[in-house]
Amino acid sequence: VPQRAERAADQILDRTIRIRFDANVDPALPWTFAPVKRVIDTKIGETTLAYFKATNNSNAPMSGTAVFNVVPELAGRYFTKIECFCFKQQTLAAGASVEMPVTFFVDPKIVDDDDTKTIDEITLSYTFYRADNGSGVATTTPGGGSGS
């Protein structure tokens, strides 16, 4: 499970890891959603900022909640988010677009774990689900939560 942190890592290693970003939208939510950059190379331990762009393609305000996963799964325990749009529901006006940030780092402890020390690429994948039932009333997200 990916981790949450209040602050950055204590050290930055002189080793680069590639982060790939994937974005999906449940068919019930009429949004377009994609990473601004599909790939970022970052040093292990370095605080990194990435953006995703969402557009509400409908003619009414719409709310969505993002759930996420990390691949390979073993890397999830070292993938640490400081701030993320996925921590709370997002609402977009009709036709509106927004760039949403995620601030993260890969914990340097990843290189001390025999199961993860050779990982050189991690994929962070998000799926946005509709957060209301069409009446503006919030409902639970499929998959059971925020994923944090």
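Brief remarks follow.
- Close amide H partners of Met100, meaning residues 5 or more places away or on another chain with modelled amide H under 5 Å apart, are Phe52, Lys53, Ala54.
- Label point 7 Å beyond Cα of Thr47 along Cβ direction - residues of the range 64-80 with amide nitrogen under 16 Å: 80
- Scalar couplings 3J(HN,Hα) for the range 97-102, obtained by applying the Karplus form with A = 6.51, B = -1.76, C = 1.60 to θ = phi - 60°, are 10, 8, 9, 10, x, 9 Hz; x denotes Gly and Pro.
- Rounded if a/c under 1.5, otherwise prolate or oblate - the range 10-100, Cα gyration tensor axes: prolate
- Cross-link partners of Lys43 among lysines (Cα-Cα below 17 Å; sequence separation of 8 or more within a chain): Lys81, Lys109, Lys117
- Counting charges near Ile119 (Lys, Arg +1; Asp, Glu -1) among other residues having Cβ under 15 Å from its Cβ returns a value of -2.
- Available extension along the chain between Lys37 and Asp14 is 6.0 nm, counting 0.36 nm per residue and deducting the alpha carbon span.
None of the figures in this text is laboratory data; all of them are computed from the coordinates on show. All figures in this text were calculated on a predicted structure; none of them were measured in a lab. Every residue, glycine as well, gets a Cβ built from its backbone with ideal geometry; the counts of neighbours run over all protein chains shown.
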